[in-house]
Amino acid sequence: MAAKAPKVVEKVVEKAQAYHFPELTEMLEAGVHFGHSVKRRNPKMDEYVYAVKNGVQIFDLVKTHEKLAEACEYLKEVAAKGGQVLLVGSKGQAAPTIKAEAERIGVPYIATRWVGGLFTNWEMLKGRIHKLVDMRAKFAAGDYKKYTKKEQVLLKKEMDRLERMYGGVVTLTDLPAAIFIVDPTRETTALHESLLRNIPIVAICDSNCDPDGIAKVIPANDDALKSVVMLVTAVAHAIEEGVQLAKRNA
């Protein structure tokens, strides 16, 4: 066993070093710089646009790189202080990565439809989240076996319904300290509720986005899969670093 230890350590180190903050060339290859057509242009995003080619707006990747670094540092600081960050992205290009990264680092997320009132009606909805947690525990402990098969089926259906709605936010103990959104033009309810509850917003904003009210704008392609995966992964690793700092300082 002792002879295998160096290989194990080597694998751990290799895994830890596997991720690195994306470089400009990597962002270029992932298509992060492609915005929308000028027909869908929002003039409030013009400051991040470098040029227009074939009717498509092209982001200034130097600015995108800087804004991504700023956003990551901000979220890292939030997490390091013990604040929870909610990851949100329901579009097909974002949902799988949002779910995978959030579960990997243990933070709350929404990768399906936003639950209306999650922030604005938090006091009531957190009761439903607690109900899901309670039902999970009872099913795992076999507490429902005393019920009839029909009753068990109904209970399972209820738990599955709650799981679909609140499964990603069971670790959300209170309103989050910040929210990260992929495509705020799509996640309008999440954006609106965050603004109403004064929750800082970090978001990937394409060239058709209205950045008003967003604390940290990441100007980038929010449609291309490679672009979204790269940006979400960078954000998740920043939050992970913050979480680890919080644990060490606890």
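The values are calculated or read from the model by the stated rules, or taken from the named source; none is laboratory data. Just so we're clear, the structure is a prediction, and the values are computed from it rather than from any experiment. With ideal geometry, Cβ positions are generated from the backbone for all residues, glycine too; neighbour counts draw on all protein chains shown.
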*Kindly check whether there is at least one residue in segment 45-56 that is in contact (Cβ under 8 Å) with a residue 12 or more places away in the chain, crowded, with 21+ Cβ neighbours inside 10 Å, under 30 Å from Arg104 (Cβ atoms) and not assigned by TED's automatic domain parsing to the domain that holds Asp183.*
yes
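If you check Ala177, Ala203, which single one turns out to be touching a residue at least 24 places away in the same chain (Cβ under 8 Å) and within 15 Å of Val88 (Cβ to Cβ)? Spell out how you get there, then give the answer.
Values: Ala203 fails: touching a residue at least 24 places away in the same chain (Cβ under 8 Å).
Exactly one residue qualifies, and that residue is Ala177.
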*Taking segment 54-111, which residues are over 27 Å from Lys39 (Cβ atoms), within 9 Å of the chain's Cα centre (by Cα) and in a loop (DSSP other than H, G, I, E, B)?*
Val107, Pro108, Ala111
*Does any residue of segment 153-167 turn out to be outside any helix (DSSP H, G or I) and in contact (Cβ under 8 Å) with a residue 24 or more places away in the chain?*
no
*Going through segment 180-200 one residue at a time, which ones are out of contact with any helix residue (DSSP H, G or I) (no Cβ under 8 Å at 6 or more places or on another chain), closer than 14 Å to Ser90 by Cα and of a type in the set (A, V, I, L, M)?*
Ala190, Leu191
*Looking only at segment 19-44, count how many residues are of a type outside the set (D, E, K, R), more than 18 Å from Pro211 (Cα to Cα) and touching a residue at least 40 places away in the same chain (Cβ under 8 Å).*
7
*Only one of these conditions is not met by Asp222: (1) out of contact with any Leu (no Cβ under 6 Å at 6 or more places or on another chain); (2) touching a residue at least 40 places away in the same chain (Cβ under 8 Å); (3) not in a loop (DSSP other than H, G, I, E, B). Which number is it?*
(3)
*Taking the residues in segment 57-84 that are surrounded by 14 or more Cβ atoms within 10 Å (Cβ to Cβ) and among the basic types (Lys, Arg) as candidates, determine which candidate is farthest from Thr233 (Cα to Cα).*
Lys63
_Subset of segment 170-204 (residues that are among the hydrophobic types (A, V, I, L, M, F, W, C), crowded, with 21+ Cβ neighbours inside 10 Å and part of a helix (DSSP H, G or I))_ = Ala190, Leu191
*Yes or no: Ser207 polar (S, T, N, Q) and assigned to a loop (DSSP other than H, G, I, E, B)?*
yes
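Please work out if Asp183 is in the same structural domain as Ala71 (by TED's automatic domain parsing) and of a type in the set (D, E, K, R).
Answer is yes for this residue.
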